[in-house]
Amino acid sequence: ERQRQVSFSRGFYLGKYEVTQKQWMEVLGTDPSKFQGNDRPVERITWLEAQDFCDRLNASERNAGRLPEGWAYILPTEAQWEYACRAGTGTAYWWGNSLDSNRTNTSLSGIGETLTVGQYAPNPWGFHDMHGNLREWVADWWHFFSNQPVTDPIGASPASVKINRGSSWQDDENKARSSHRGGFAATSSHAKVGFRLAY
């Protein structure tokens with residue numbers, strides 16, 4: 001795949017796990033997931049619902065005095081997500097160039113559903129399930145990359161499709177690569193798409 005140089009003007013935090021059904025329930029009071037389990041990642045949620053989760057969580061945390069001024073829980077940008085997924089590596093997966101079904105939950109694992117978050121070892125920066133379990137909504141609208149170096153990229157103006165990154169329990173080795181990009185309408189939901197929080 002073609003890579004481009006990306007720089008960030010400020011640091012960011014990213015959730016080490018995908019948002020779980022228990023966390024979703026605590027904020028929104030419902031659980032839309034196909035594969036039930038408190039510690040499994042929430043799925044079958046639209047991009048708009050993931051954004052609503054962030055908005056409500058921010059309001060709750062601000063009211064409780066736990067959210068510092070100027071900070072907010074958000075969806076990561078596509079660039080932030082890939083930076084964290086790669087964890088300083090340049091290979092197809094953080095561990096190398098061949099898919100290892102002992103390291104991730106994809107279609108090659110034969111499990112056929114999500115698993116509790118953190119079942120597999122984290123990447124070198126401590127992030128779990130970046131290559132499997134669920135695809136993850138990110139902030140960006142679908143766009144095509146340029147070859148030029150960029151700082152703090154954010155995808156395009158509003159379009160019809162929001163980007164998701166990573167791969168799911170249903171996806172193959174090509175979609176599990178660090179570089180894989182997917183897209184769905186912001187109003188669509190799928191049992192193979194969830195999200196994690198940035199901060």
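So how strong a dipole does the chain carry about its Cα centre when Lys and Arg Cβ are +1 and Asp and Glu Cβ are -1, to the nearest 20 debye?
220 debye
How long are the three semi-axes of the equivalent ellipsoid of segment 29-93, in whole Å, if each is the root of 5 times an eigenvalue of the C-alpha gyration tensor, listed from largest down? Show your work: numbers first, answer last.
Values: eigenvalues 125, 86, 23 Å².
Ellipsoid semi-axes (Å, largest first): 25, 21, 11.
Highest mean first, what order results for 84-95, 138-149 on Cβ atoms within 10 Å? Don't jump to the answer; show the numbers that get you there.
Values: 84-95: 17.1, 138-149: 15.3.
Listed from highest to lowest mean packing, they are 84-95, 138-149.
Apply the a/c threshold of 1.5 to the C-alpha gyration tensor of segment 75-137 and tell me whether it is rounded, prolate or oblate.
oblate
Please report, to two decimal places, log10 I(q)/I(0) for segment 68-199 at q = 0.12, 0.22 Å⁻¹ as given by the Debye formula with identical point scatterers on the Cα atoms and no solvent.
-0.45, -1.40
Percent of accessible area on segment 131-199 owned by carbon and sulfur, 1.4 Å probe? All intermediate terms of the calculation are to be shown ahead of the outcome.
Numbers: 1450 of 2700 Å².
Roughly 54 percent of what the probe reaches on segment 131-199 is carbon or sulfur.
Could you pull out which residues in segment 1-29 have an amide N less than 18 Å from a spot 7 Å beyond the Cα of D100, following the Cα-Cβ vector?
none
Which order do the peptides 185-195, 97-107 take when ranked by the mean count of other beta-carbon atoms within 10 Å per residue, highest first?
Put in order of decreasing packing, that is 185-195, 97-107.
Taking every DSSP beta bridge with both residues inside the chain, roughly what % is antiparallel (nearest 5)? Let's see the in-between values first.
Details: 12 of 16 bridges.
Within the chain, antiparallel bridges account for around 75 percent of the total.
Give me P(r) over segment 13-143, computed from all C-alpha to C-alpha distances, binned every 10 Å, as integer percentages.
12, 38, 37, 12, 1
Straight distance only, please: which lysines reach the Cα of K175 with their own Cα at less than 25 Å, same-chain residues fewer than 8 apart left out?
Here the lysines satisfying the reach criterion relative to K175 are K16, K34, K162, K192.
Assigning unit charges at the beta carbon (Lys, Arg +1; Asp, Glu -1) and nothing else, what dipole magnitude in debye, to the nearest 20, does segment 1-62 show about its Cα centre? If you can, show how the numbers build up before the last one.
On the way: 10 positive and 10 negative charges, 60 e Å.
Value, rounded to 20: 280 debye.
Heavy-atom accessible area per residue, the chain, 1.4 Å probe: how many Å²?
Here the residues of the chain average 48 Å² of exposed surface.
Any idea what diffusion coefficient segment 137-199 gets from Stokes-Einstein, in µm²/s, Kirkwood Rh on alpha carbon pairs, 25 °C, 0.890 mPa s?
Working: Rh = 12.9 Å.
D = 190 µm²/s.
If amide H atoms are built 1.01 Å from N in the plane of the peptide, which residues on other chains or at least 5 residues away come under 5 Å of the amide H of A139?
Those lying under 5 Å, H to H, from A139 are T77, E78.
Given a 1.4 angstrom probe, I'd like the percentage of the accessible area of segment 1-127 that is carbon and sulfur, rounded to a whole number.
Result for segment 1-127: 44 percent of the exposed heavy-atom area is carbon or sulfur.
State the answer as a single residue: which of G37, P76, T116 lies farthest towards the positive end of the charge dipole of the chain, with beta carbon charges of +1 for Lys and Arg and -1 for Asp and Glu, about the Cα centre.
Toward the positive end, the furthest listed residue is P76.
Taking the mean number of other Cβ atoms within 10 Å as a proxy for protection, how do you rank 39-48, 58-67 from highest to lowest?
In descending order of packing, they fall as 39-48, 58-67.
The values are calculated or read from the model by the stated rules, or taken from the named source; none is laboratory data. The shown structure was predicted, so the numbers you read here are calculated from the model rather than taken from an experiment. We place every Cβ from the backbone using ideal geometry, glycine too, and count neighbours over all the protein chains shown. Accessible surface is based on the protein model in full, side chains and every heavy atom, while ligands, DNA and RNA are left aside. Shrake-Rupley method; radii C 1.70, N 1.55, O 1.52, S 1.80 Å.
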